[in-house]
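Read through the structure below, which is laid out as structure tokens, and then see the notes.
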Amino acid sequence: DTPSPMPVVRVVDLNGPVKWIVGGEAIARIKVGDALPSGTLETLAPDSWAEVVFPDGTNVSLSGQTSVAISLIEGRKVLRLRDGDLSIDAAKQPIGSPMQIITPSAQADVLGTRFNVTADEFSARFVVNEGLVRVTRLADGKVEDVAAEEVVVAALEQGTEFTASPRRAFVE
């Protein structure tokens, strides 16, 4: 599994301090329209945000202080969210190649949907707005399908609840 050296996303919009890291080298001066290869996108301030789009129209927005590695591996979109907030509007993905969002505590397989994910080193919260997201808790391998208007939290601690529930019933 080697990430593609070719551009995988294009910058649609950005605000505030934003950094792109490729092969350990930081590129601080990215701008709207830039085509970026596999690398790590970081929004560095509470009011920073960036929006990138894959060639199939899948849109990924970062906000606040967020760090996500973006790659295309054998045609599959792979986002490794270390911490922060993502909003994803995924186009229908090829059969057998779901988009993957990987956090320190969970992995999500996405066929085509709209959802948000917030992660830190201990847990990840997935809020699905449209479609279906399959979330696997890495601590124990449990799987939960999260449908539209539902939320699930995947924590590193196996003893915590891992069940999708209606979004309106969820309180932070």
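Per the listing 48, 67, 61, the residue uniquely touching a Lys or Arg at 6+ places or on another chain (Cβ under 7 Å), modelled with pLDDT of 95 or more and not hydrophobic (A, V, I, L, M, F, W, C) is 67.
With respect to the conditions (1) closer than 17 Å to residue 6 by Cα; (2) free of Cβ contacts under 8 Å to residues at least 24 places away in the same chain; (3) under 16 Å from the mean Cα position of the chain (by Cα), residue 33 falls short on a single one, namely (3). Just one of (1) open to solvent by 60 Å² or more (accessible area, probe 1.4 Å); (2) touching an Asp or Glu at 6+ places or on another chain (Cβ under 7 Å) fails for residue 7. It is (2).
Can you list the strands (runs of 3 or more DSSP E) found entirely within region 111-172 that contain at least 3 residues being at pLDDT 95 or above, under 20 Å from residue 62 (Cβ atoms) and open to solvent by 80 Å² or more (accessible area, probe 1.4 Å)?
Values: elements: 114-119, 123-130, 132-137, 143-147, 150-155.
Those strands (runs of 3 or more DSSP E) do not exist here; none qualify.
Taking first residues from region 122-150 that are closer than 13 Å to residue 88 by Cα and partners that are among the basic types (Lys, Arg) and surrounded by fewer than 16 Cβ atoms within 10 Å (Cβ to Cβ), the Cβ contacts under 7 Å between residues at least 6 apart in sequence or on separate chains come to 127/167. Of all residues in region 90-103, those that are of a type outside the set (Gly, Ala, Ser), open to solvent by 30 Å² or more (accessible area, probe 1.4 Å) and either out of contact with any strand residue (DSSP E or B) (no Cβ under 9 Å at 6 or more places or on another chain) or farther than 20 Å from residue 164 by Cβ (or both) total 3. Test residue 23 against the stated conditions and say whether it is at positive phi and free of Cβ contacts under 8 Å to residues at least 24 places away in the same chain. In short, yes.
At pLDDT 95 or above, over 10 Å from the mean Cα position of the chain (by Cα) and open to solvent by less than 30 Å² (accessible area, probe 1.4 Å): is that true of residue 78 in this structure?
Working: at pLDDT 95 or above: yes; over 10 Å from the mean Cα position of the chain (by Cα): no; open to solvent by less than 30 Å² (accessible area, probe 1.4 Å): yes.
Here the answer is no, as residue 78 does not meet what is asked.
Condition first: over 16 Å from the mean Cα position of the chain (by Cα) and modelled with pLDDT of 95 or more. Now tell me which residues in region 1-14 satisfy that. First the steps, then the outcome.
Filtering region 1-14 down to residues over 16 Å from the mean Cα position of the chain (by Cα) leaves 1-7, 12-14.
12, 13, 14 - these are the residues of region 1-14 that are over 16 Å from the mean Cα position of the chain (by Cα) and modelled with pLDDT of 95 or more.
Looking only at residues of region 42-70 that are within 15 Å of residue 82 (Cα to Cα) and over 11 Å from the mean Cα position of the chain (by Cα), we find that the one that is surrounded by the fewest Cβ atoms within 10 Å (Cβ to Cβ) is 44.
The values are calculated or read from the model by the stated rules, or taken from the named source; none is laboratory data. Everything quoted here is computed from the prediction, not taken from an experiment. Please note: Cβ atoms are built from the backbone with ideal geometry, for glycine as well, and neighbour counts cover all protein chains shown. The area values use the complete protein model at the heavy-atom level, side chains included, leaving out ligands, DNA and RNA. Shrake-Rupley method; radii C 1.70, N 1.55, O 1.52, S 1.80 Å.
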